[in-house]
Amino acid sequence: MARLRKILVVGGGTAGWLTACYLAKVVNAKAPGSTDVALVESPRIGLLGVGEATFPSIRGTLSAIGLDECSFLARTGATFKQGILYRDWVRSPGEPGRSEFFHPFSLPNQRSGGQELLPYWLLGMAPGDMAFAEAVTLQSRLVDGNRGPKRSADADFQGAMNYAYHIDAARVAEVLADHGQTELGVKRHLATVEHVSLDEQGNIEHIATREAGRLDADLYIDCTGLHGKLIGEAMHSPFQSRRDVLFADRAVAMQVPYPQVDAPIPSYTMASAQTAGWIWDIGLQDRRGVGYVYSSAHSTKDEAETLFRQHLGDAAAGIEAQHIRFETGYRPEHWRKNCVAVGLAGGFVEPLESTGIALVELGAYLIAHLLPGDTDDMERAARHYNQMVVARYDRIIDFIKMHYCLSQRRDSAFWVDNTMASTVPETLQDKLALWKHRPPHRLDFVSDLEMFQVASWQYVLYGMEFRTELEPMRTAYPHAEEAQREFRMIQQVAEHALRDLPGHRALVEQMVQRSRTRGGRFL
Ligand code: FAD
């Protein structure tokens, strides 16, 4: 029996620093005699540097590691994100009908006793043919009115609406690096891993770096990004591609200025569907981050850049574009022997719905809670960890595929191919078949394995105009009047909230200002 004494995180991107900070906090690395948490990052190999939209779980993670929200906003240029606006996903541009829908982060309101409004919406009882998300939560109205999700005086990481952030990934990594070292006891080595040595059992024995010599640990966390230096190159844990389901495998990205310094900042990610993929548009405090995610089987690099620049117009003039390759897929064995991969080293799902950093948070959380007290239990912990992570990936892939396969677009090979049944996983086909006759229910999901809860599936499903024909046995809905009152109430509360909540840019500026008057340090 041997106690786990040393953890070494390899890689200093968002994955490396978030994981190091989270683990250092959980094991109390700062205290003498506790488990040692160190991080080694290369001064020569850069970060990927994209990854600007987060998931609401980020608030819990930042709070858990002891950051304060105003300083976080001030030091990273971050803004608030209340959901995702999907443009041109339902049908091709110019066709009659709704062209966009919103996936809000706040849950649908419910009738008294926790009963859902959804059946009543399906029966057409919401006022004025409202879209599902508009009918059941005020968040759609608030983002249309350019309101923030909270008041600046609200407690850190809490607000009237559910929210995440838009971030500058490189600045977040810097802030986490500073916080990890000064507040949480993470030891940092600036060095490039050149070689990984295994012992007779196939465990990592040590890693060799040019600048810092040999480094060893009981557990190695591979956060080297797409390189997968430890888990792939040394441990040979295979990567399983899911490009047969999610075709996007390239991106062309840039950072563009606002037309004027006080331009309004949308508090949602805009995802505009295109002929071979989609374009993200994200507003930070002082610039926009934009990118075209596309399938190389359906567009060349030059075609993609041309389409992207046409979409951006003058905003992109004279700005160089960054081209990025990736692939949707994952390593079924994220954790092999004494090495576990977190972040891009373990896998990636194309960036629709922003699951990259949320999967990093999940990895850190699972490692922290499944961490074996005894190094002899490493393989038992690994088996369980791998099952949990694979289940998450498969469910995320189903959820993202649903955005594509429900589309009525047939204007390009990309959309035609996306709706072919052979590209839709059976697990998703089963769900969609069931939901033709009844709406999604929380019992369709095992919540510990899901990133997206039932409300998200409902928002996207009905945003994409999926039809659920309620069976006769389910149409005896006796609370129609109460439901209609609730629909009206949501709109009335929205009117109040539009007056009460600050504009998004004003909210961010107030919080940044508060951080400055407090001295701008972390608590
Ligand atoms: P990286 O950022 O690549 O960091 C790797 C680190 O490893 C670096 O510090 C590097 O120096 C170090 N390293 C590499 N090799 C060595 C070595 N030999 N020795 C020492 N150090 C080494 N996620 C989201 O949540 N939201 C989004 O909106 C989003 N958009 C994305 C868009 C695109 C096009 C892509 C491709 C990804 C996107 N992601 C998004 C995913 C997100 O970028 C990553 O999940 C996140 O940045 C974590 O990256 P990472 O830390 O694993 O890798």
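The values are calculated or read from the model by the stated rules, or taken from the named source; none is laboratory data. What you are looking at is a predicted structure, and each value in this text was computed from that prediction instead of being measured. Note that each Cβ is placed from the backbone with ideal geometry, even for glycine, and that neighbours are counted across all protein chains shown. Heavy atoms of the whole protein, side chains included, go into the accessibility calculation; ligands, DNA and RNA do not. Shrake-Rupley method; radii C 1.70, N 1.55, O 1.52, S 1.80 Å.
Of note:
- Under Karplus coefficients 6.51, -1.76 and 1.60, residue-wise ³J(HN,Hα) of the stretch 430-443 in Hz, glycine/proline x: 4, 4, 5, 5, 5, 6, 5, 10, 7, x, x, 10, 4, 6
- Here the extension length gained between Ala153 and Ser296 equals 46.8 nm, from 0.36 nm per residue of separation less the Cα-Cα distance.
- Student exercise, the stretch 260-316 dipole from Lys, Arg, Asp, Glu Cβ charges, in Debye to nearest 20: 100
- Of all accessible heavy-atom area on the stretch 369-505, the percent that carbon and sulfur account for (1.4 Å): 51
- Taken over the chain, the percentage of Cα pairs per 20 Å bin, counting from 0 up to the bin with the maximum distance, is 22, 54, 23, 1.
- Glu482 accessible area, assembled protein chains, probe 1.4 Å, Å²: 50
- Helix 504-518 axis, angle to the chain major axis (alpha carbon atoms, nearest 10°): 40
- Surface accessible to a 1.4 Å probe, per residue, for the residues of the chain, Å²: 41
- Remark: spin-label model distance Glu426-Gln513 equals 6.0 nm, labels positioned 7 Å along the Cα→Cβ axis.
- Straight-distance crosslink candidates among aspartates and glutamates, where the alpha carbon sits under 18 Å from Lys187 and sequence neighbours closer than 8 are dropped: Asp36, Glu41, Glu174, Asp178, Glu211, Asp216, Asp218, Asp222
- Only the Cβ atoms of Lys and Arg (+1) and of Asp and Glu (-1) were treated as charged; on that basis the dipole of the chain about its Cα centre amounts to roughly 780 debye.
- Residues Arg171, Arg214, sorted by accessible area with the largest first, give Arg214, Arg171 [1.4 Å probe; ligands and nucleic acids excluded].
- Cβ-Cβ FRET estimate between Arg214 and His236, R0 fixed at 25 Å, reported to 0.05: 0.70
- Beta bridge orientation in the chain: antiparallel %, DSSP, nearest 5: 70
- From the largest down, the stretch 343-479 spans 56, 44, 23 angstrom on the principal axes of its Cα atoms.
- Estimated Rh, the stretch 136-283: Kirkwood, alpha-carbon pairs, angstrom: 20.5
- When every Cα-Cα distance of the stretch 1-115 is counted in 10 angstrom steps from zero, the calculated P(r) takes the values 10, 26, 27, 19, 12, 4, 1 percent.
- Cα long-axis angle, helix 356-370 against the chain (0 to 90 degrees, to the nearest 10): 60
- Cα-based helix-to-principal-axis angle, 480-500 vs the chain, degrees rounded to 10: 60
- Evaluated on the stretch 76-140, the Kirkwood hydrodynamic radius is 13.7 Å, with distances taken between all distinct Cα atoms.
- The stretch 125-238 - percent of accessible surface contributed by carbon and sulfur, probe 1.4 Å: 46
- The mean sequence distance of close C-alpha pairs (under 8 Å, at least 6 residues apart), as a share of the length of the chain, puts its relative contact order at 24 percent.
- Rg over Rh for the stretch 49-174 works out to 1.03, using Cα positions for both radii and the Kirkwood form for Rh.
- Estimated FRET transfer efficiency (Gln110, Ala413; beta-carbon r; R0 51 Å; 0.05): 0.75
- Over the stretch 140-201, equivalent-ellipsoid semi-axes from the Cα gyration tensor in Å: 41, 16, 12
- Fraction of the pair-distance distribution of the stretch 291-337 above 18 Å, Cα-Cα pairs, percent: 44
- Length added when fully stretched, Val261-Leu498, from 0.36 nm per residue minus Cα-Cα: 83.0 nm
- 31 Å Cα-Cα threshold exceeded, pairs from Lys25/Lys150; Lys30/Lys81; Lys81/Lys229; Lys301/Lys431; Lys6/Lys81: Lys30/Lys81; Lys81/Lys229; Lys301/Lys431; Lys6/Lys81
- Cα-centre dipole for the stretch 220-274 with unit charges at Cβ (Lys and Arg positive, Asp and Glu negative), debye to 20: 120
- Residue by residue, the stretch 270-286 carries 3J(HN,Hα) couplings of 9, 10, 9, 5, 10, 5, 10, x, 7, 10, 8, 9, 10, x, 9, 4, 10 Hz when phi is fed to the Karplus relation 6.51 cos²θ - 1.76 cosθ + 1.60 (θ = phi - 60°); x denotes Gly or Pro.
- Gain on full extension, evaluated as 0.36 nm per residue between Tyr477 and Ser57 minus their Cα-Cα distance, stands at 147.7 nm.
- When the helices of the chain are scored as -39500 (n - 2.57) per DSSP H run of n ≥ 4 and the total is divided over every residue, the value at 222 nm lands at -10500 deg cm²/dmol.
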